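Asker: Let me give you the structure first, and then I'll get to my questions.
The values are calculated or read from the model by the stated rules, or taken from the named source; none is laboratory data. For clarity, every value in this text was computed on a predicted model and none was experimentally measured. Don't worry about glycine lacking a Cβ; one is built from the backbone with ideal geometry, like all the others, and counts go over all protein chains shown.
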Amino acid sequence: MHPFRAAVESRDIEAAIALLHEDVIFKSPAVFTPYRGRFAVAPLLRAVIEVFEDFEYTREIGDGSSHALMFQARVGDKQLEGCDFLQESPTGEITEFVVMIRPLKGLQALAGAMQARLT
């Protein structure tokens, strides 16, 4: 089990954040411009762990420094599926974090809930 998955499943978001490289690039399905740096990504992870309900990783695929963590969750009455794509440095820090989410209505519910928490 990937350490990021273990941290999220145990709801230890600070441990998950500690796995991010200081200059991590985070690509969100809700915004065009990537977030850069652990300082910018940490508030997103703290918010999303509160927004997602019934969150569960359902599958993990790994190939050396690349990992895909598939998940399902709910935001309000909207079910969604997604995948966290993680790229690691040789020291194991997450250098790139790309999130994909479907369906569109699930993504829209997530974006609205996140915006309410972050503004």
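Asker: Can you tell me how many residues in region 45-55 are part of a strand (DSSP E or B) and either of a type in the set (Phe, Trp, Tyr) or modelled with pLDDT of 95 or more (or both)?
Answerer: The initial filter retains those residues of region 45-55 that are part of a strand (DSSP E or B), namely 53-55.
Going one step further and asking which of them are either of a type in the set (Phe, Trp, Tyr) or modelled with pLDDT of 95 or more (or both), we end up with 55.
Here the count works out to 1.
Yes/no per residue for (1) of a type in the set (Ser, Thr, Tyr); (2) in a helix (DSSP H, G or I); (3) touching a residue at least 12 places away in the same chain (Cβ under 8 Å):
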| position | (1), (2), (3) |
| --- | --- |
| Val24 | no, no, yes |
| Ala42 | no, yes, yes |
| Leu69 | no, no, yes |
| Gln72 | no, no, yes |
| Thr95 | yes, no, yes |
| Arg117 | no, yes, yes |
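Asker: Just to be sure before I move on: is Phe85 at pLDDT 95 or above, touching a strand residue (DSSP E or B) at 6+ places or on another chain (Cβ under 9 Å), hydrophobic (A, V, I, L, M, F, W, C) and surrounded by fewer than 18 Cβ atoms within 10 Å (Cβ to Cβ) in the structure I sent?
Answerer: Criteria met by Phe85.
Asker: Among the residues of region 105-113, is any modelled with pLDDT under 90, of a type in the set (S, T, N, Q), over 23 Å from Gly37 (Cα atoms) and over 12 Å from the mean Cα position of the chain (by Cα)?
Answerer: Taking every residue of region 105-113 in turn, at least one turns out to be modelled with pLDDT under 90, of a type in the set (S, T, N, Q), over 23 Å from Gly37 (Cα atoms) and over 12 Å from the mean Cα position of the chain (by Cα).
Asker: Which condition from (1) in contact with a His (Cβ under 9 Å, 6 or more places away or on another chain); (2) in a strand (DSSP E or B) is the one that Thr91 breaks?
Answerer: Against the list (1) in contact with a His (Cβ under 9 Å, 6 or more places away or on another chain); (2) in a strand (DSSP E or B), Thr91 comes up short only on (2).
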